[in-house]
Amino acid sequence: MLNVVALVRETVLRHGTARQLVKFGFVGTFNTLLDFSVYVFLTRLFAFWGEHLVAATVLSYCCGMVSSFTLNNFWTFRQDRQGITKRMPKFLVVTLAGMVWNAGILHALVTLGVYDLIAKAFATGCVIGWNFLLYKKWAFKA
């Protein structure tokens, strides 16, 4: 088991993309927890948001989006403030497209009778790969 852990650690430290993917995973986990926390807070405590699940998911996704840009820009992809005005619009295009996918999948699954938190988790999982590839190759490209 230690050999596997050492191999993963060595690979992550040696290869930039692997390191970025691990950081992206940490940032994504934090942002997903933030997104889900805001969503649960809104939909379970306020009747309005409980009746408007797609609107609640859009709002909670936006909270994660602000955190995502900040953490991915300055930590995952190690960009500084220079060029931020070029990166931010690209980030918004990728993230807003991901949000549309996320909300659309959530809506479709809830309409089919899937419990909203399961639908949200599935939708989030579907968007992760899309976001990483486009952030790395386009939005945060050095």
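Annotations for the structure displayed:
- Scanning region 91-142 for residues that are closer than 21 Å to residue 25 by Cβ and of a type outside the set (A, V, I, L, M, F, W, C) yields a total of 12.
- In the set (1) under 30 Å from residue 44 (Cβ atoms); (2) surrounded by 13 or more Cβ atoms within 10 Å (Cβ to Cβ), residue 113 fails one condition alone, (2).
Let's see how each residue does on (1) modelled with pLDDT of 90 or more; (2) within 28 Å of residue 19 (Cβ to Cβ):
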| site | (1), (2) |
| --- | --- |
| 79 | no, yes |
| 88 | yes, yes |
| 106 | yes, no |
| 109 | yes, no |
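Table: residues versus (1) at pLDDT below 90; (2) closer than 25 Å to residue 126 by Cβ; (3) polar (S, T, N, Q).
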residue: 3; (1), (2), (3): yes, no, yes
residue: 11; (1), (2), (3): yes, no, yes
residue: 69; (1), (2), (3): no, yes, no
residue: 73; (1), (2), (3): yes, yes, yes
residue: 83; (1), (2), (3): yes, no, no
residue: 94; (1), (2), (3): no, yes, no
residue: 98; (1), (2), (3): no, yes, no
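- Leading residue by the ranking (modelled with the lowest pLDDT) among those in region 114-142 that are of a type in the set (Gly, Ala, Ser) and under 19 Å from residue 80 (Cα atoms): 142
- Qualifying positions in region 82-93 - surrounded by fewer than 20 Cβ atoms within 10 Å (Cβ to Cβ) and either of a type outside the set (S, T, N, Q) or in a helix (DSSP H, G or I) (or both): 83, 84, 85, 86, 88, 89, 90, 92, 93
- Close contacts from region 81-92, counting a first residue that is on the phi < 0 side of the Ramachandran plot and in contact (Cβ under 8 Å) with a residue 40 or more places away in the chain and a second that is assigned to a loop (DSSP other than H, G, I, E, B) and aromatic (Phe, Trp, Tyr), with Cβ to Cβ under 7 Å and a gap of 6+ residues or different chains, come to 87/140.
- Within region 56-69, residues that are free of Cβ contacts under 8 Å to residues at least 40 places away in the same chain reach partners that are in a helix (DSSP H, G or I) and acidic (Asp, Glu) with beta carbons closer than 6 Å, at six or more positions or on different chains, in the pairs 60/35; 64/35.
- Test: residue in region 65-81 that is among the β-branched types (Val, Ile, Thr), surrounded by 14 or more Cβ atoms within 10 Å (Cβ to Cβ) and touching an Asp or Glu at 6+ places or on another chain (Cβ under 8 Å): no
- Among the numbered conditions (1) without any contact (Cβ under 8 Å) to a residue 60 or more places away in the chain; (2) part of a helix (DSSP H, G or I), the only one that residue 39 does not meet is (1).
The values are calculated or read from the model by the stated rules, or taken from the named source; none is laboratory data. Just so you know, these numbers come straight off a predicted model, no measurement behind them. Every residue, glycine among them, receives a Cβ derived from its backbone with ideal geometry; neighbour counts consider all protein chains shown.
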